[in-house]
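Structure, as structure tokens:
The values are calculated or read from the model by the stated rules, or taken from the named source; none is laboratory data. What you are looking at is a predicted structure, and each value in this text was computed from that prediction instead of being measured. Because the Cβ atoms are built from the backbone with ideal geometry, glycine has one as well, and the counts that use them run over all protein chains shown.
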Amino acid sequence: MPDFLPIAYFKDRFIPFSEANVSIATHGLHYGTGAFGGLRAIPNPQNPRQILTFRLDRHSKRLSQSARFLHFDLPAAKIQQVLVDFVQKNAPTEPVYLRPFICTSEMGLVPRLHNIEKSLFVFGLPMGDYLSNDGVKCRISSWCRQEDRSFPLRGKITGAYITSSLAKTEAIESGFDEAILLNAQGKVCEATGMNIFLVRDGKLITPDVDQDVLEGITRDSIIVLAQEMGIPVVQRTVDKSELYACEEVFLCGTAAKITPIRQIENYTLPTERPVTTQLKQKLADITENRDQSHPDWIFAIDLP
Ligand code: PMP
């Protein structure tokens, strides 16, 4: 079991993580009626009494949006304040991952979103590399990403992660590291918890937001950085065969950061990855405070 941070946020209170438990009859456990966020917080290398978060406002806003899908009025400002208090109470001394989580928290049956209590919870744990930095082997999943007409895919809704779980296990059990899911139209969508980018003829290509992808915050940041670096960015539908015809492919997300793909099915990709390497370095420099070109993306939390 990971070493969870000692303090949790549990229904409007900060309590020891070991006491932050719910009943087996909790509604949200049964029906997937929850949503979550995920963000990294790292001690400032220049000042260990300060913890740096990346795009805290965007993460708070996305969770607030997810809450709306669950009929839970949870302002982004409230989420942000809880996360700041959470970090101050835990005072992490190493890089951690924060997991704010909401669900229908009452005990009982009947799938619904009305007339039922919802709550916000937060816990955290240390997190290093989520996927190998040297590049991962991906398979094309036999499972396809849900459609927006069945799931509000712009939220990180817990129930939707059954598909990610099926795809990840299928990939691992068949000798790969990660899965690339196509959408219901058969177009390239994303991985189990990461968005995807291709490089073809020097252009950066990623499935558009109408392709059933999660609107990833890392994805958005990469698009901004690439444009600033003079790399043309195209957001459009992506055919499966393009994965085998391009020069570089990488996955991105809060946990995965930028992770190159070295093999897709039985196709090996080139080991030279100039665009991926450049973007990976730039993103790491910004998140780790060596590059101050996006001060609005870094929210520093002073420890008491
Ligand atoms: N897609 C899915 C399905 C995810 O779970 C995640 C992780 N949050 C992402 C993409 C990447 O999003 P972000 O960059 O905001 O972490």
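Taken together, the residues in the stretch 165-187 that are closer than 29 Å to D57 by Cα and surrounded by fewer than 20 Cβ atoms within 10 Å (Cβ to Cβ) amount to 1.
Being within 25 Å of D208 (Cβ to Cβ) and aliphatic (A, V, I, L, M): is that true of V136 here? For V136, the condition - within 25 Å of D208 (Cβ to Cβ) and aliphatic (A, V, I, L, M) - is met. Quick one: which strands (runs of 3 or more DSSP E) lie wholly within the stretch 3-44 and hold at least 2 residues that are modelled with pLDDT of 95 or more, within 16 Å of the ligand (Cβ to nearest atom) and in contact with a strand residue (DSSP E or B) (Cβ under 7 Å, 6 or more places away or on another chain)? It comes to 34-36, 39-44. Residues in the stretch 201-210 that are surrounded by fewer than 22 Cβ atoms within 10 Å (Cβ to Cβ) and within 12 Å of the ligand (Cβ to nearest atom): V209 alone. Within the stretch 242-259, the set of residues being in contact (Cβ under 8 Å) with a residue 24 or more places away in the chain and away from the ligand (no atom under 16 Å from the Cβ) comprises E242, L243, A245, C246, E247, E248.
For the stretch 120-133, check the following and say yes or no: at least one residue is modelled with pLDDT of 95 or more and part of a loop (DSSP other than H, G, I, E, B). Looking through the stretch 120-133, none of the residues is modelled with pLDDT of 95 or more and part of a loop (DSSP other than H, G, I, E, B).
Scan the stretch 267-286 and give yes if some residue there is within 13 Å of the ligand (Cβ to nearest atom), not assigned by TED's automatic domain parsing to the domain that holds A41 and not in a strand (DSSP E or B), otherwise no. Yes.
For every residue, the table says whether it meets (1) within 15 Å of the ligand (Cβ to nearest atom); (2) farther than 27 Å from Y161 by Cα; (3) surrounded by fewer than 16 Cβ atoms within 10 Å (Cβ to Cβ); (4) not basic (K, R).
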site	(1), (2), (3), (4)
C189	yes, no, no, yes
V199	no, yes, no, yes
T218	yes, no, no, yes
M229	no, yes, yes, yes
K240	no, no, yes, no
E265	no, no, yes, yes
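Yes or no: the stretch 87-102 includes at least one residue that is in contact (Cβ under 8 Å) with a residue 40 or more places away in the chain, in contact with a Ser or Thr (Cβ under 6 Å, 6 or more places away or on another chain) and not assigned by TED's automatic domain parsing to the domain that holds C252.
no
A single member of R58, R49, R68 is assigned by TED's automatic domain parsing to the domain that holds I15, outside any helix (DSSP H, G or I) and surrounded by fewer than 22 Cβ atoms within 10 Å (Cβ to Cβ), and it is R49. Every condition in (1) over 15 Å from F54 (Cα atoms); (2) surrounded by fewer than 20 Cβ atoms within 10 Å (Cβ to Cβ); (3) modelled with pLDDT of 95 or more is met by P304 except one, and the failing one is (3). For the stretch 75-89, residues that are crowded, with 20+ Cβ neighbours inside 10 Å and out of contact with any Phe, Trp or Tyr (no Cβ under 9 Å at 6 or more places or on another chain) total 2.
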